Amino acid sequence: MSSKKAISNTIFAAVTIILVIVAAVGFGLYLTKPPTTKYVNVTQPVYINKTVPVYVNKTVYVNRTVEVPTPAPSSGAFMNGQVITFLYTAQFSCTPSLTQFFPNETQANQVAMGCEVGAAPSASQLPPNAAPVYVVVPAFAGLSIFGVQKLGSTPQGYPVFHYNGQNYTVLTQCGASGTEAGCADHMMYIYSPVFTIVEKYLGINNGVFGLPEGVLPTPAHDHIVTFSTNTSIPWYIVVVLDFNPNIFPNPLTGQCNAIVPSNQSDPTALCLNSYQNVQKAMSTYDSAVASANQGNPIWEALGKPGVDVISAPSNMILYFSDPNIYPYPSLSQVLPTPAAAPSSGAFMNGQVITFLYTAQFSCTPSLTQFFPNETQANQVAMGCEVGAAPSASQLPPNAAPVYVVVPAFAGLSIFGVQKLGSTPQGYPVFHYDGQNYTVLTQCGASGTEAGCADHMMYIYSPVFTIVEKYLGINNGVFGLPEGVLPTPAHDHIVTFSTNTSIPWYIVVVLDFNPNIFPNPLTGQCNAIVPSNQSDPTALCLNSYQNVQKAMSTYDSAVASANQGNPIWEALGKPGVDVISAPSNMILYFSDPNIYPYPSPYE
């Protein structure tokens with residue numbers, strides 16, 4: 001848990017966010033199998049995207065706590081079912097050194113900085129006033145808990161749980177050490193005889209990744225404490241291995257969802273958001289454990305325990321205060337506005353700014369003015385269309401353009417329908433080279449958890465009709481009229497900022513190049529697909545200038561990224577990075593030049 005990596009951090013994003021927010025937060029690369037990537041126990045994603053592309057959403061939540069005189073690294077935690085905040089105040093310590101318990105492990109002692117799980121210091125060896133913190137590891141997710149993509153984790157350091165043909169990304173308060181989601185003031189590596197047991201079970205006798213035997217990165221985890229204090233004190237770590245995914249909590253809410261069938265009358269009753277539930281779970285035998293852990297080498301190497309959780313002591317000490325403050329605020333709690341307003345993120349000239357929505361959308365003139373035969377579509381889509389532009393005289397006074405960027409490279413998953421490959425929260429999933437990338441956006445698809453306020457639920461577009469016809473669909477889908485689909489997941493770009501709410505007319509931009517879809521928290525892009533451009537991310541879509549250039553840029557990444565994408569194929573396989581289309585849709589918001597995802601210190 002050293003540098004800024006290891007056992008506890010968020011996103012979340014959160015959110016992400018978020019979830020992550022966090023989010024979070026970046027672009028969720030999942031070493032999972034199509035067609036579905038899900039998020040375990042997360043009703044609002046928290047991805048904290050740092051350097052990996054495609055990450056955001058108005059629901060990305062970034063760790064925040066009380067105002068403090070100087071910035072302190074922070075994370076979320078649970079106490080008695082509540083979600084609270086950890087403010088880290090000093091580097092971890094491991095005392096006494098692991099060689100006191102394992103005298104032959106001198107090399108491990110050096111690499112792991114003396115940190116171990118398996119033996120407990122005596123009370124006299126602990127710092128004065130030390131209290132227990134229970135570090136809950138989602139061991140049901142197998143080796144992916146260590147944050148290594150080759151072992152199944154996401155690039156951000158979150159575990160992935162495979163069950164019944166589906167993949168669940170397990171967002172934790174801290175990702176694995178050495179990853180984007182890792183927490184500050186945590187140990188980078190840990191020695192444990194448990195790790196040695198698992199390695200031996202796998203036929204590994206000399207350690208992995210160049211590490212000594214029994215040494216691995218600090219796994220992804222959550223925290224549980226029994227009390228709250230505004231004063232920093234030492235906390236000694238008790239590790240809890242959770243083998244039951246039904247009781248691993250949502251980091252934003254502290255609630256659990258049942259994923260695996262169980263013989264318990266309430267499969268989530270022992271949701272691990274309190275120490276009381278940890279105690280009960282240690283002696284609870286749930287049929288979900290055996291079902292969830294088939295093929296899990298951690299569970300198998302430890303003798304296939306039938307209980308929900310097992311625990312182990314350690315010599316690891318963290319230093320933090322844990323104020324009873326929710327760590328993931330909404331924008332209305334932090335922005336200087338007179339009243340709460342629905343909000344989302346946006347981009348302007350490479351900066352990440354805020355949209356504060358002030359009124360319901362409008363679509364003017366009605367789509368039947370442009371498509372007179374689409375009376376049924378007009379009714380369902382409330383007059384909203386993409387494909388035709390109102391005249392200047394038909395726009396509201398002072399209307400300005402907002403460019404709505406849709407990650408069209410993610411195919412039909414942009415519409416937020418799980419059967420079409422989206423996440424349950426409404427985020428698209430991009431499949432490339434055998435991997436799944438969850439594309440977090442400033443707004444998820446309409447009608448989903450990640451959807452934005454004051455947006456249209458459905459849109460009519462002749463583009464949608466073209467795609468449906470290409471797929472052999474002649475009467476619409478999901479009971480909707482032909483050419484009508486949910487508003488897809490998207491980002492926003494504007495050219496100026498104002499604290500006054502004005503009308504904004506939407507120009508839709510379809511992005512077929514994943515290399516230029518930005519990280520919502522940073523506005524930066526990462527190259528995913530090989531490109532013939534000297535700088536594959538140079539046209540990162542965080543400014544209107546880059547949108548303009550991308551409209552005439554032919555990048556080899558487009559063809560590579562869109563093989564099998566019916567949207568791209570139905571539109572004639574355009575070679576340019578992006579194409580645009582006008583619309584009759586109007587949003588109403590102000591867009592103050594304020595970062596929408598506050599840090600703990602702001």
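The values are calculated or read from the model by the stated rules, or taken from the named source; none is laboratory data. Here the structure is a predicted model, which means the values were calculated and not measured. Cβ sites come from the backbone with ideal geometry, for glycine too, and all protein chains shown count toward neighbours. The protein model used for the area step is the full one, side chains on, heavy atoms only, and it has no ligands, DNA or RNA in it. Shrake-Rupley method; radii C 1.70, N 1.55, O 1.52, S 1.80 Å.
A few comments on the model shown:
- Carbon and sulfur %, accessible surface of the stretch 260-320 computed with the full protein complex present, 1.4 Å: 49
- Look at the alpha carbon pairs under 8 Å that are at least 6 residues apart: their mean separation over the length of the stretch 350-588 gives a relative contact order of 28 percent.
- Peptide packing for 231-241, 457-467, 147-157 was compared via the average number of neighbouring C-beta atoms within 10 Å per residue; ordered from the highest value, the list is 147-157, 457-467, 231-241.
- Distance between the pseudo-spin-label points of S393 and Q351 (7 Å out from Cα toward the beta carbon): 3.7 nm.
- Counting only protein heavy atoms and using a 1.4 Å probe, the accessible area of E482 comes to about 50 Å².
- For the stretch 137-227, the relative contact order comes to 28 percent (Cα pairs under 8 Å, sequence separation of at least 6).
- Calculated FRET value between Q294 and K573, using beta carbons and R₀ = 45 Å, to 0.05: 0.60
- Rounded percent of accessible protein surface that carbon and sulfur make up, the stretch 350-588, 1.4 Å probe: 51
- In the context of the full set of protein chains, residues of the stretch 137-319 present 32 Å² of accessible surface per residue (probe radius 1.4 Å, heavy atoms only).
- Between G178 and K5, A6, the built amide H atoms are under 5 Å apart, and every one of these is 5 or more places off in sequence or on another chain.
- Projecting the Cα atoms of A288, G303, Y319 onto the charge dipole of the stretch 137-319 (Cβ charges, centred on the Cα centre) puts G303 farthest toward the positive pole.
- Phi angles of the stretch 146-151 translate, via the Karplus equation with coefficients 6.51, -1.76, 1.60 and θ = phi - 60°, into HN-Hα couplings of 8, x, 9, 4, 5, 9 Hz per residue; Gly and Pro are given as x.
- Overall form of the stretch 350-588 per C-alpha gyration tensor (a/c, 1.5; a/b vs b/c): oblate
- Table column - 3J(HN,Hα) (Hz), the stretch 520-534, Karplus curve with 6.51, -1.76, 1.60, x for Gly and Pro: x, 7, 10, x, 9, 10, 10, 7, 10, 10, x, 9, 8, 8, 4
- Vicinal HN-Hα couplings computed from phi for the stretch 346-361 (Karplus, 6.51 cos²θ - 1.76 cosθ + 1.60; Hz; Gly/Pro x): 6, 10, 8, 6, x, 8, 9, 10, 10, 9, 10, 6, 10, 7, 5, 4
- Using a probe of 1.4 Å, the accessible surface attributed to T498 totals some 30 Å² when neighbouring protein chains are kept in position.
- The modelled label-to-label distance between K200 and V307, using points 7 Å beyond Cα along the C-beta direction, is 2.2 nm.
- Accessible area per residue in Å² at 1.4 Å probe, computed on the stretch 350-588: 36
- In the structure shown, the pairs K280/K419; K150/K469; K150/K304 are assessed against 30 Å; a Cα-Cα span above that value is assigned to K280/K419; K150/K469.
- Here's how it looks for S321: its modeled amide H is under 5 Å from those of L87, T89, I233, which are all 5 or more places away or on a different chain.
- Gyration tensor (alpha-carbon) shape descriptor, the stretch 484-550, a/c threshold 1.5: prolate
- About the centre of its Cα atoms, the stretch 372-529 shows a dipole size close to 40 debye [charges on the beta carbon of Lys, Arg (+1) and Asp, Glu (-1) only; nearest 20 debye].
- FRET efficiency estimate (nearest 0.05) - Cβ-Cβ, A119 to N263, R0 35 angstrom: 0.50
- Amide H contacts under 5 Å for Q360, placed H, 5+ residues apart: none
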